[in-house]
Amino acid sequence: MSKRTPVLFQIGWNACINCGACVAICPQEAGFISPFDTIAVDKPCDIACLICEDICPVSTITHTEVIPTK
Amino acid sequence: MNKQYDVVIIGSGPAGTTTARIAAEHHLNVLLVDKKQELGSPIQCSGAVSRHALEYVGIAPSTEYIQEAIYGFDIYNQVGKHKTIDYRDLKPEEYGASEDKKPLGYVVDRRRFDRYLMTQAERAGVDVWLKTEGLGYKVNPDGTCTVFLKRFNEEINVQAKVLVGADGLQSQVGKWAGLHTHIKLPELASCLQFIVDNVETNGLLEIITGHEWAPGGYAWVFPKGHGYAEIGLGVARTMTEKNAQWHIDHFIKNSFFKERFKHSKVLEIQGGGVPLAAPLKTQYADNLILVGDAARHVNPITGGGIHTALSGGAIAGNFLSNFLRKNIAATANQLSQYQEEWLVALGNKMWKLYDIKTEIFKTKNIQDRDQMLYQTMSDYFSPDSEFKKI
């Protein structure tokens, strides 16, 4: 389940019910959130445990891998 | 010079407003902030609360927020066998719909309920700022702390003796202080509920257990007033491949209630994460305490959190008024006494419930586990339960 490569999350804003479960489960430090109280979508997550995708009641969080720039 | 308060509270839900109101009733100077423009929304909660829980913190039952009165419970196993615990039958002289009798509890509209609680806090003298986000806090050498806020477009710093994090399960305030607010995946139920038309109810909170319907949690059917009902469930994502949405669909279409639900029409969709977890081990830091969901003051068996938020808020409000009268710096060491008082009043029983819950869900055999959960729920809601007031 867990990946090492950093990921950027995408949220299906239409399906999202704004329940906050993704932020509640997130092991990131404070502030890894979007203005809509979801997991951040504007910066890469380097933990990439992906448990936010699991907890989402409507399965609307997806990700793309970010290739680190050197 | 920054504006100064005795207490700044971030998050205006049941825990934050109750802490604020009780602190203000004891003549503390209190600021309550919430980033929302409308409280209680989006709804992440079924809204069930006992009458006792309201009375205990001095909140009058009001039609402003009550959607329907509740008189008991109906606990189902997976195939529809059930135990009815209806206080109208158990104690008919005390419980009923007539004017000389009382309900056991209520289903409330969280949008109205949270606003009502805020109104009571404001009337007690609390300053309330909506559309105000907490950005961070820092501990000052003089024993106070500075709280960084953003109100609409303006950044404002205020000084406080104690900051209270009442910002829910997603608590950012706890994270600012480095507290371990992170919850584990098996212990957060992924919940979804529909407000529906065309489903009859009878003043009872119906709880449906069974791995088939809600692995790692349970399903519910609650009366919601005006002839509406709430159908919901919570699942542990470590115990199922499917999401909550799939499970609620399966429950509505295939459970022993499928005939009852056949003509149901969805009016609203709500969801959330509900902790079926232990209370936070450390709920305090320098100049900071946590209340409500932020401190995981949630019943680990039922996931109920309104009662525990109200009671916890009252404990925090009373503690702060006693503590701040002493005029000593609010170090983590001093504030640990808040947690001690909370443990004695509520927390120790919550830990016991957590142990029961853990015992159930570590049982590998599904039939045994289902039987344990059904039995525990039935016992839990019975009139002689030792956990009646949690």
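The numbers here are math on the coordinates, done by the rules we state, and not lab data. Note that the structure is a prediction, hence the values are computed from the model and not measured. Because the Cβ atoms are built from the backbone with ideal geometry, glycine has one as well, and the counts that use them run over all protein chains shown.
Translational diffusion of the protein assembly as shown was estimated from the Stokes-Einstein equation, with Rh taken as the Kirkwood radius over Cα pairs; at 20 °C and 1.002 mPa s the coefficient is 95 µm²/s.
Peptide A:49-60 is shielded by partner chain Cβ atoms: per residue, an average of 6 of them sit within 10 Å of its Cβ. Ranking of B:Lys352, B:Lys36, B:Lys364 by neighbouring Cβ atoms within 10 Å, starting from the fewest: B:Lys364, B:Lys352, B:Lys36.
Region B:243-257 and region B:21-49 have Cα centres spaced 34 Å apart.
Averaged over peptide B:38-51, how many Cβ atoms belonging to another chain are found within 10 Å of each residue's Cβ?
On the way: counts 0, 0, 0, 1, 6, 3, 6, 0, 0, 0, 0, 0, 0, 0.
Per-residue shielding by partner chains comes out at 1.
Its Cα gyration tensor gives chain A an equivalent ellipsoid. The semi-axes, each the square root of 5 times an eigenvalue, are 19, 12, 12 Å from largest down.
First measure r as the distance between the Cβ atoms of B:Glu99 and A:Lys43, then evaluate 1/(1 + (r/R0)^6) with R0 = 51 Å and state the FRET efficiency to the nearest 0.05. So, using R0 = 51 Å, E works out to roughly 0.30. Residue-wise HN-Hα couplings along region A:18-30, as the Karplus relation 6.51 cos²θ - 1.76 cosθ + 1.60 with θ = phi - 60° gives them from phi, are 6, 8, x, 4, 5, 6, 4, 8, 6, x, 5, 5, 4 Hz; Gly and Pro carry x.
Between B:Glu268 and B:Ile195, the built amide H atoms are under 5 Å apart, and every one of these is 5 or more places off in sequence or on another chain. Normalising the Debye intensity of chain B to I(0), with uniform scatterers on Cα atoms only, and taking log10 at q = 0.06, 0.09, 0.12, 0.15 Å⁻¹ returns -0.23, -0.52, -0.91, -1.34. Along the axis of the charge dipole computed for the protein assembly as shown (Cβ charges of +1 for Lys and Arg, -1 for Asp and Glu, origin at the Cα centre), the listed residues B:Tyr218, B:Leu31, B:Ala60 are led at the positive end by B:Leu31. Using a cut-off of under 11 Å, list every residue of region B:143-170 whose amide N is near the label point 7 Å from the Cα of B:Gln334 along the Cα-to-beta-carbon line. Those under the cut-off are B:143-145, B:161-162. For B:Gln37 and A:Trp13, a Förster radius of 22 Å and the Cβ-Cβ distance give a FRET efficiency of 0.70, rounded to the nearest 0.05. Using 22 Å as the Cα-Cα cut-off, could you pick out the over-long pairs in B:Lys3/B:Lys35; B:Lys131/B:Lys326; B:Lys81/B:Lys258; B:Lys35/B:Lys349; B:Lys242/B:Lys362? Over 22 Å apart, Cα to Cα: B:Lys131/B:Lys326; B:Lys35/B:Lys349.
Using a 10 Å cut-off around each Cβ, can you sort B:His182, B:His26, B:His263, B:His297 from fewest to most neighbouring Cβ atoms?
Details: B:His182 13, B:His26 17, B:His263 10, B:His297 28.
Ascending Cβ contact count within 10 Å gives the list B:His263, B:His182, B:His26, B:His297.
Residue exposure proxy: B:Arg111, B:Arg123, B:Arg237, B:Arg21, ordered by other Cβ atoms within 10 angstrom of their Cβ from fewest to most, comes out as B:Arg123, B:Arg111, B:Arg237, B:Arg21.
The simple Förster model, with R0 at 56 Å and r as the Cβ-Cβ distance, assigns B:Gln159 and B:Met239 a FRET efficiency of 0.75.
For the protein assembly as shown, give the magnitude of the charge dipole about the Cα centre (Cβ charges: +1 Lys/Arg, -1 Asp/Glu; no others), in debye to the nearest 20.
Working: 47 positive and 51 negative charges, 123 e Å.
In total the dipole reaches around 600 debye.
Mean per-residue shielding of peptide A:11-23 is 5, counting Cβ atoms of other chains within 10 Å of each Cβ.
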